[in-house]
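Engineer: Sharing a structure below in structure tokens format, with a few things to ask.
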Amino acid sequence: MSVMQIPRKIEYALRAMIHLADVPQGVANGNQIAESEHIPKYFLEKVIRDLMRSGLVRSRRGPGGGYQLGRPAEAISFKDIIEAVEGPINLNVCLEDTSTCSLQPRCRMFRVWEHGQRVLLEVFSQTNLQQIASSRIPVSLLQTAPVESSAALLKA
């Protein structure tokens, strides 16, 4: 079965940013992020560079140094993160500003792609790191909860 899938680069960037939003002291080193979030270290470094370039992450040198959010968690949306590592979000190539499609204006799918794009951007724009960080499930619940109730906890 084929699945529409978010690229690993985006997934890793989101996981790294959520990790940084979760860190109480606000700073985490690359090794901590890579290990905790199961991200290959070399890939994490590439993603962090993109996030730093866009101002979403800052580095802190010296003892206790590492990476921290470039602005408050509530001011960083999923859309910001995705676009920092992949560029503008387009559900289909026909929605790109520079796209010229030979099927336009008679393409009957265009309106569906356009609507899907609007909904997708709305969800990504309205979801911020603070919302995700505050929805964290305590580790003690995950360790004691049966598998089926863990899924219910995620919905709560």
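Read-outs: derived from the displayed coordinates by stated rules, not from any lab. The structure displayed is predicted, hence computed values, not measured ones. Cβ coordinates were reconstructed from backbone atoms using ideal geometry, including for glycine residues, and neighbour counts include every protein chain displayed.
Engineer: State, to one decimal in nm, how far the label point of E11 lies from the label point of V119, with both points 7 Å from Cα in the Cβ direction.
Structural biologist: If labels sit at E11 and V119, their model points lie 2.3 nm apart.
Engineer: Related question: With r defined as the distance between the Cβ atoms of R71 and K46 and R0 fixed at 22 Å, what FRET efficiency is calculated, to the nearest 0.05?
Structural biologist: In this case the efficiency is close to 0.55.
Engineer: If you rank L56, L14 by fewest surrounding Cβ atoms within 10 Å, what's the result?
Structural biologist: Arranged by neighbour count, lowest to highest, L56, L14 become L14, L56.
Engineer: Fewest to most neighbouring Cβ within 10 Å: what's the order for M17, M4, M52, M109?
Structural biologist: Final ranking by Cβ density, sparse to dense: M4, M109, M52, M17.
Engineer: In sequence order, what are the phi-derived ³J(HN,Hα) couplings for segment 107-122 according to the Karplus relation 6.51 cos²θ - 1.76 cosθ + 1.60 with θ = phi - 60°, rounded to whole Hz, with x for glycine and proline?
Structural biologist: 5, 7, 8, 3, 5, 5, 4, 4, 5, x, 4, 4, 5, 4, 5, 5
Engineer: Would you mind computing the Rg to Rh ratio of segment 1-105 from its alpha-carbon coordinates, Kirkwood style for Rh?
Structural biologist: 1.08
Engineer: A further question on this structure: Could you compute the FRET efficiency for Q32 and Q130, with r as their C-beta to C-beta distance and R0 at 22 Å, rounded to 0.05?
Structural biologist: The calculated FRET efficiency here is 0.60.
Engineer: Among 116-126, 63-73, how do they line up from the highest to the lowest mean number of other beta-carbon atoms within 10 Å?
Structural biologist: Going by the mean number of other Cβ atoms within 10 Å, highest first, we get 63-73, 116-126.
Engineer: While we're looking at this one, here's another question. Classify segment 33-84 from the C-alpha gyration tensor, please: rounded if a/c falls under 1.5, else prolate or oblate depending on whether a/b exceeds b/c.
Structural biologist: Oblate shape, in that a/c is at least 1.5 and b/c is the bigger or equal ratio.
Engineer: For segment 1-56, what class follows from the C-alpha gyration tensor (a ≥ b ≥ c being the square roots of its eigenvalues): rounded when a/c is under 1.5, otherwise prolate if a/b is larger than b/c, else oblate?
Structural biologist: Since a/c reaches 1.5 and a/b is larger than b/c, the shape of segment 1-56 is classed as prolate.
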